[in-house]
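Undergrad: This is the structure, below, for whatever I ask next.
The values are calculated or read from the model by the stated rules, or taken from the named source; none is laboratory data. Quantities reported herein were computed from a predicted structural model and do not represent experimental measurements. Methodologically, a virtual Cβ is constructed for each residue, glycine included, from the backbone with ideal geometry; neighbour enumeration extends over all protein chains shown.
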Amino acid sequence: MKFVVHEHHATRLHYDFRLEIAGVLKSWAIPKGPSMNPSDKRLSVRVEDHPLEYGEFEGMIPRGYYGAGAVLIWDSGEFEPEGNPEVALAKGHLRFNLKGKKLKGIFSLILMKGRGSGKDWLLIKGQDSFAKKDWEVKAEFTPAKKKKLIEKIPPCETS
């Protein structure tokens with residue numbers, strides 16, 4: 001199964017973490033971005049599912065549309081869930097192995113109970129050989145990339 005992390009320059013910079021589960025991309029917005037440091041517990045707010053095709057989207061979402069701003073693929077690759085991912089999500093604890101360019105190894109998404117809406121999760125890196133204590137998320141968006149996005153990729157069409 002595939003995963004993708006979008007660097008999303010909307011009202012505020014955040015990272016959209018997406019896992020291919022049950023024919024869609026289950027998605028979480030991570031304000032501080034994912035981390036390879038097991039000590040970091042990153043707030044991950046559950047958002048709407050996206051179609052699988054959205055995993056390859058890079059471009060500019062035009063002003064006036066939800067999520068307006070630049071969207072870049074920050075990382076992508078394969079993920080292997082431990083057990084049935086749909087059951088694990090329903091229980092509030094999904095553990096999986098990522099095989100990306102930047103994100104590698106064991107991670108867990110854990111539902112924060114007692115927070116009202118049930119949308120607040122934590123993304124936590126497991127202790128393994130890929131863990132990095134000095135991890136820092138680095139945004140890749142530059143004015144040159146913005147120009148290429150505008151020139152080469154049409155804006156996202158929404159209905």
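Undergrad: Among (1) in a helix (DSSP H, G or I); (2) acidic (D, E); (3) in contact (Cβ under 8 Å) with a residue 24 or more places away in the chain, which single condition is E53 missing?
TA: All conditions are met except number (3).
Undergrad: Search the range 103-115 for residues that are in contact (Cβ under 8 Å) with a residue 12 or more places away in the chain and closer than 16 Å to K125 by Cα and pair each with any residue that is of a type in the set (A, V, I, L, M, F, W, C) and in a loop (DSSP other than H, G, I, E, B) when their beta-carbon atoms are under 6 Å apart and the residues are at least 6 apart or on different chains.
TA: Once the first residue is in contact (Cβ under 8 Å) with a residue 12 or more places away in the chain and closer than 16 Å to K125 by Cα and sits in the range 103-115, its partners that are of a type in the set (A, V, I, L, M, F, W, C) and in a loop (DSSP other than H, G, I, E, B) give K104/F130; G105/F130.
Undergrad: Could you tell me which of the residues G67, G118, G114 is modelled with pLDDT under 95, closer than 14 Å to H8 by Cβ, in a loop (DSSP other than H, G, I, E, B) and of a type outside the set (D, E)? Explain how you work it out, then say what you get.
TA: Values: G118 fails: closer than 14 Å to H8 by Cβ; G114 fails: closer than 14 Å to H8 by Cβ.
On inspection, the qualifying residue turns out to be G67.
Undergrad: Follow-up question, since we're still on this one. Quick check on the range 85-134: of everything there that is of a type in the set (V, I, T) and closer than 13 Å to W28 by Cβ, which residue is surrounded by the most Cβ atoms within 10 Å (Cβ to Cβ)? Let's see the steps before the verdict.
TA: Our first condition is that a residue be of a type in the set (V, I, T); within the range 85-134, this holds for 87, 106, 110, 124.
Those left that are additionally closer than 13 Å to W28 by Cβ: 110, 124.
Numbers: I110: 15, I124: 20.
Among those residues, the one meeting the criterion is I124.
Undergrad: On to the next question. Say we look at the range 85-114 and pick out the residues that are in contact with an Asp or Glu (Cβ under 7 Å, 6 or more places away or on another chain) and charged (D, E, K, R); which of these is farthest from F130 (Cα to Cα)?
TA: Within the range 85-114, the first condition is being in contact with an Asp or Glu (Cβ under 7 Å, 6 or more places away or on another chain), and the residues that meet it are 95-97, 99-103, 105-106, 112.
Those still in the list that are charged (D, E, K, R) too: 95, 99, 101-102.
Numbers: R95: 16, K99: 11, K101: 12, K102: 10 Å.
Only one residue fits best here, namely R95.
Undergrad: State which residue is farthest from L103 (Cα to Cα) when the search covers only the range 17-33 and only residues that are of a type outside the set (S, T, Y) and without any contact (Cβ under 8 Å) to a residue 40 or more places away in the chain. First the steps, then the outcome.
TA: The initial filter retains those residues of the range 17-33 that are of a type outside the set (S, T, Y), namely 17-26, 28-33.
If we keep only those that are without any contact (Cβ under 8 Å) to a residue 40 or more places away in the chain too, we end up with 18, 23-25, 29, 31.
Details: R18: 13, G23: 22, V24: 21, L25: 17, A29: 16, P31: 17 Å.
Ranking the candidates gives G23 first.
Undergrad: Can you confirm whether the range 23-42 contains a residue that is at positive phi and surrounded by fewer than 19 Cβ atoms within 10 Å (Cβ to Cβ)? Step through it out loud before you land on a result.
TA: Going through the range 23-42, the residues at positive phi turn out to be 23, 33.
Right, trim to surrounded by fewer than 19 Cβ atoms within 10 Å (Cβ to Cβ) and you get 23.
Yes, some residue in the range 23-42 is at positive phi and surrounded by fewer than 19 Cβ atoms within 10 Å (Cβ to Cβ).
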